[in-house]
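Working notes, beginning with the structure itself.
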Amino acid sequence: MVSGPTATLRGEVASESDRRLAALLATFEPGIDRVQNDLTVNTELKLPPLPPEPGTEADAPPLAPPAGN
């Protein structure tokens, strides 16, 4: 939520580092001078895995098995 130059962050994140990162990123938003960080840490959150970076091995299709097997 944004009220004037203050952004208020609410909800749950998986770690304290995620909580701090969210607040830091909010400070880079144009017009935001203050961040009220009301995020709570819930270490039991089950987050989906991140998709692989484009162009990495994880992004490549599987190799075909050797011929004759």
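The values are calculated or read from the model by the stated rules, or taken from the named source; none is laboratory data. Just so we're clear, the structure is a prediction, and the values are computed from it rather than from any experiment. Here the Cβ positions follow ideal geometry from the backbone for every residue, glycine too, while neighbour counts run over all protein chains shown.
Points worth noting:
- Residue in region 1-23 that is nearest to residue 48 (Cα to Cα), counting only those that are outside any strand (DSSP E or B) and in contact with a Leu (Cβ under 6 Å, 6 or more places away or on another chain): 14
- Region 33-69, residues that are in contact with a helix residue (DSSP H, G or I) (Cβ under 7 Å, 6 or more places away or on another chain), at pLDDT below 95 and under 18 Å from residue 2 (Cα atoms): none
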